[in-house]
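The values are calculated or read from the model by the stated rules, or taken from the named source; none is laboratory data. These numbers were taken from a predicted model, which means no experiment stands behind them. Cβ placement follows ideal geometry from the backbone for every residue including glycine, while neighbour counts extend to all protein chains displayed.
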Amino acid sequence: MTTVLLADDHQLLRQAVRRALEDAGFDVAAEAGDGEEAADLAARHQPDVVVMDVTMPVLDGIRATRRIRELSPSARVVMLTMHGEESLLADAIDAGATAFLTKDCSLQEVVRAVRSAADGETMLSPDLAASLLGQFREPPVDGPAPSPLTRREEEILQLVADGRSTTEVARELFISAKTVKNHLASIYVKLDARDRTQAVLSGVRMGIVHLR
């Protein structure tokens, strides 16, 4: 069973998210009311997924995410943000968060994001995706950098940038999901990326893939 750590300083929100996750079959191992407590609990419980608020007392969500990635490297972090905090997205991605939602999303969207994170996928709410597009749409000043990827790897990374899941990429390219995962692992190494989100952003910066 997938274990989850909830980190938010609003108790009522944590309770609502906890009920939704438990109803969906997840095991909520612990709850934290500040970033430092979240890091300590992550080290103790080694959760599969952490649902983290960006704005947290004691230690903010971005710094807490960095610490969690050190103490519990396998944990996947789903970041919750308020509207107006889109400028923090790049910092959150750099810290290691892999899914992003605004706090006015539905509980069902939180459940889907946790499930996607547990499955190794990346999820970005449409409004945050639009903001991220704005930050990284401009082409490199010096033109596209030489691509370190093979043609197949570029094809897969473009499909990932288009929002396709591993299964959807495999179906579209008529290859196995395992083959897709192997290609993604190679892409991560070549682009020095820890996950899909970082790989896509690196690909955009290098002019390898295009967000549309």
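How about segment 26-40: which of its residues are in contact with a Pro (Cβ under 8 Å, 6 or more places away or on another chain) and either under 8 Å from THR3 (Cα atoms) or aliphatic (A, V, I, L, M) (or both)? Write out each step before concluding.
Taking segment 26-40 as the starting set, the residues that turn out to be in contact with a Pro (Cβ under 8 Å, 6 or more places away or on another chain) are 29-30, 33-35.
Scanning segment 26-40 gives ALA29, ALA30.
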Checklist (1) touching a helix residue (DSSP H, G or I) at 6+ places or on another chain (Cβ under 9 Å); (2) not in a helix (DSSP H, G or I) applied to PRO73, failing item = (1)
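Rundown of residues vs (1) touching a residue at least 12 places away in the same chain (Cβ under 8 Å); (2) farther than 23 Å from ASP192 by Cβ, yes/no style:
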| site | (1), (2) |
| --- | --- |
| LEU12 | no, yes |
| ARG63 | yes, no |
| ARG76 | yes, no |
| MET82 | yes, yes |
| THR98 | yes, no |
| GLN108 | yes, yes |
| VAL111 | yes, yes |
Just checking, how many residues over segment 32-64 are over 22 Å from ASP104 (Cβ atoms) and β-branched (Val, Ile, Thr)?
-> 1
Kindly list, by first and then second residue, each pair from a residue in segment 173-188 that is over 15 Å from LEU159 (Cβ atoms) to a residue that is in a loop (DSSP other than H, G, I, E, B), limited to pairs with Cβ atoms under 8 Å and residues at least 6 apart or on different chains.
-> TYR188/ARG194; TYR188/ASP195
Is segment 22-32 home to any residue that is among the acidic types (Asp, Glu) and in contact (Cβ under 8 Å) with a residue 40 or more places away in the chain?
-> no
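Which ones in segment 24-49 are of a type outside the set (A, V, I, L, M) and in a strand (DSSP E or B)?
Start the filter on segment 24-49 by keeping residues that are of a type outside the set (A, V, I, L, M), which leaves 25-27, 31, 33-37, 40, 44-48.
Scanning segment 24-49 gives ASP27, GLU31.
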Might you check whether a residue that is surrounded by 16 or more Cβ atoms within 10 Å (Cβ to Cβ), within 13 Å of the chain's Cα centre (by Cα) and either at pLDDT below 90 or over 24 Å from ASP53 (Cβ atoms) (or both) occurs anywhere in segment 182-195?
-> yes
Report yes if some residue within segment 35-45 is surrounded by 20 or more Cβ atoms within 10 Å (Cβ to Cβ) and within 20 Å of ARG196 (Cα to Cα); otherwise report no.
-> no
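For the condition within 16 Å of VAL111 (Cβ to Cβ) and in a helix (DSSP H, G or I), what is the one hit in LEU21, LEU89?
Values: LEU89 fails: within 16 Å of VAL111 (Cβ to Cβ).
Of the residues listed, the single one that is within 16 Å of VAL111 (Cβ to Cβ) and in a helix (DSSP H, G or I) is LEU21.
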Within segment 5-18, which residues are out of contact with any Asp or Glu (no Cβ under 7 Å at 6 or more places or on another chain) and not in a helix (DSSP H, G or I)?
-> LEU5, HIS10
Examine segment 6-17 for a residue that is buried (at least 22 other Cβ atoms within 10 Å of the Cβ) and of a type in the set (Asp, Glu), and state whether such a residue exists.
-> yes
Would you say GLU31 is at pLDDT 95 or above and surrounded by fewer than 22 Cβ atoms within 10 Å (Cβ to Cβ)?
-> yes
So, of the residues in segment 126-171 that are surrounded by 13 or more Cβ atoms within 10 Å (Cβ to Cβ) and basic (Lys, Arg), which turns out to be modelled with the lowest pLDDT?
-> ARG164
Within segment 166-192, how many residues are part of a loop (DSSP other than H, G, I, E, B) and closer than 13 Å to PRO148 by Cα?
-> 1
Could you pull out the residue among LEU88, LEU13, LEU21, LEU59 that is at pLDDT below 90 and of a type in the set (A, V, I, L, M)?
-> LEU88
Condition test on VAL200, is it of a type in the set (A, V, I, L, M, F, W, C), outside any loop (DSSP other than H, G, I, E, B) and under 16 Å from PRO146 (Cα atoms)?
-> yes
